[in-house]
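Everything on this sheet refers to the single structure shown next.
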Amino acid sequence: MELEVRHLRALCAIADTGSLHKAARHLGISQPSLTTQLRRIEHALGAELFAHERTGCRPTPLGHAVLSRARPLVAQLDRLVSETRAAAARADGVARLRIGSTASRALAGWLRRLRGRLPGTDISLHMDVSAGALLRGLAAGRLDVAFVHEVEGCPLRVPDGLERRVLVEREPQFISLPRDHPAAAGPVVDLADLAGDRWMVDPTVDGEWDGLRRVLWAAGIDPPVLHGDYHTAASLIVAGEAVAPCQPTSGPRDDMAIRPLRDDPLAVRLLLYHRPGAEAADAAYAELAAAYREAALRAAPYRQWLLRHGSPLPGVPHAA
């Protein structure tokens, strides 16, 4: 078997995410397919490139050597493609804005505002649960801006050369729980009141599980944890099977309660990244801030939280 660029991408993805599961999700293939591909690569090279541990995959010394040669090759090809596409876009006179984003209630309003502000611009969207994957795509030239969240206590690994703008310095994370949960009777929930509940978390979201585990352990809570995506979480919460962290901008539901946690132990920082000199960065940031304010004011629990804490509307430094 001869090595191809897709094989090098797979190796980089495994190293960057530290997990075959996360790497497969990033690459858009199944985990068994990626596992088979890795075995073939290692067989072709005649050596093990990753050590498989309980917490994930770690490059072996030879793996590090291969990655040090693979990363520049992948980056150069990405630059070749992105620069060629940019040149083609300039030649046909069509302005383009390629947006990357993790999940956000502000996203629809952001796109609507950008289309109004930048008429004639071809605006595309790439969603990913992994902020790290979006930042790598931005650094490689596949995106123009990336809106991501950084879990408190779990800093993102940011590629060199990217510029950052802070949208919200510390956004509190609320809790979603069954409507008839005893803790939902009050306006604020204590972590201690959820000590007996099963918690749902998506381990593919960068820092999500580590950040939650740190907060729970600090509170002396070690609950059973279910791993899965948040679409699954919603159905389990409604059924009374779990509770889960959620964005404060989450919309109201008749079958689910959304409440802030006392003292706001869980939080994220909302960030917009772009490459230096990105033409649409100012417009992207301004319209994102406006869309986020709209989403914050629509969500009654978050609006009340902002009023109680005397916080300014998001979109300015140190907003909450």
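The values are calculated or read from the model by the stated rules, or taken from the named source; none is laboratory data. Given the structure is predicted, the values throughout are model-derived calculations rather than measurements. Cβ atoms come from the backbone with ideal geometry, glycine included; neighbour counts cover every protein chain shown. Calculation scope for accessible area: heavy atoms of the full protein, side chains included, ligands and nucleic acids excluded. Shrake-Rupley method; radii C 1.70, N 1.55, O 1.52, S 1.80 Å.
Would you mind stating whether PRO265 is of a type outside the set (Asp, Glu), touching a Leu at 6+ places or on another chain (Cβ under 9 Å), assigned to a loop (DSSP other than H, G, I, E, B) and closer than 17 Å to ARG170 by Cβ? Spelling it out, PRO265 is indeed of a type outside the set (Asp, Glu), touching a Leu at 6+ places or on another chain (Cβ under 9 Å), assigned to a loop (DSSP other than H, G, I, E, B) and closer than 17 Å to ARG170 by Cβ.
Okay, residues lined up against (1) in a loop (DSSP other than H, G, I, E, B); (2) open to solvent by 40 Å² or more (accessible area, probe 1.4 Å):
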| residue | (1), (2) |
| --- | --- |
| ARG115 | no, yes |
| GLY120 | yes, yes |
| VAL129 | yes, yes |
| GLY132 | no, no |
| ARG136 | no, yes |
| GLY141 | yes, no |
| ALA146 | no, no |
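A single member of ASP206, ASP180, ASP193, ASP210 is among the acidic types (Asp, Glu), out of contact with any Phe, Trp or Tyr (no Cβ under 8 Å at 6 or more places or on another chain), in contact (Cβ under 8 Å) with a residue 12 or more places away in the chain and assigned to a helix (DSSP H, G or I), and it is ASP210. Listed conditions (1) among the acidic types (Asp, Glu); (2) without any contact (Cβ under 8 Å) to a residue 60 or more places away in the chain; (3) outside any loop (DSSP other than H, G, I, E, B) are all met by ASP160, apart from (3).
Counting the residues of the stretch 42-54 that are on the phi < 0 side of the Ramachandran plot, outside any strand (DSSP E or B) and either in contact (Cβ under 8 Å) with a residue 12 or more places away in the chain or over 27 Å from the mean Cα position of the chain (by Cα) (or both) gives 7.
Listed here are the residues, each with its yes/no results for (1) touching an Asp or Glu at 6+ places or on another chain (Cβ under 9 Å); (2) among the hydroxyl-bearing types (Ser, Thr, Tyr); (3) closer than 23 Å to ASP206 by Cβ; (4) part of a loop (DSSP other than H, G, I, E, B).
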{"site": "MET1", "(1), (2), (3), (4)": "no, no, no, yes"}
{"site": "LEU11", "(1), (2), (3), (4)": "no, no, yes, no"}
{"site": "HIS21", "(1), (2), (3), (4)": "no, no, yes, no"}
{"site": "ARG25", "(1), (2), (3), (4)": "yes, no, yes, no"}
{"site": "SER33", "(1), (2), (3), (4)": "no, yes, yes, no"}
{"site": "ARG40", "(1), (2), (3), (4)": "no, no, no, no"}
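Checking each residue in the stretch 95-110 for being over 14 Å from the mean Cα position of the chain (by Cα), part of a strand (DSSP E or B) and under 18 Å from ALA289 (Cβ atoms) picks out only LEU97. Number of residues in the stretch 240-252 that are free of Cβ contacts under 8 Å to residues at least 60 places away in the same chain and out of contact with any helix residue (DSSP H, G or I) (no Cβ under 6 Å at 6 or more places or on another chain) equals 2. Under the condition of being closer than 30 Å to LEU27 by Cα and surrounded by 15 or more Cβ atoms within 10 Å (Cβ to Cβ), the residues counted in the stretch 183-212 number 13. Just one of the numbered conditions (1) touching a Pro at 6+ places or on another chain (Cβ under 7 Å); (2) over 25 Å from GLU169 (Cα atoms) is not true of VAL215: (2). Apart from one condition, VAL74 fits all of (1) modelled with pLDDT under 90; (2) more than 30 Å from LEU288 (Cβ to Cβ); (3) in a helix (DSSP H, G or I); (4) β-branched (Val, Ile, Thr); the exception is (2). Among residues of the stretch 215-229 that are surrounded by 15 or more Cβ atoms within 10 Å (Cβ to Cβ), none has a Cβ under 6 angstrom from a residue that is among the charged types (D, E, K, R) and in a helix (DSSP H, G or I) at a sequence gap of 6+ or on a separate chain. Among the residues that make up the stretch 279-290, is at least one of them open to solvent by 50 Å² or more (accessible area, probe 1.4 Å) and not acidic (Asp, Glu)? No.
Does the stretch 268-280 contain at least one residue that is in contact with a Phe, Trp or Tyr (Cβ under 6 Å, 6 or more places away or on another chain), aliphatic (A, V, I, L, M), over 30 Å from ARG115 (Cβ atoms) and part of a strand (DSSP E or B)? No.
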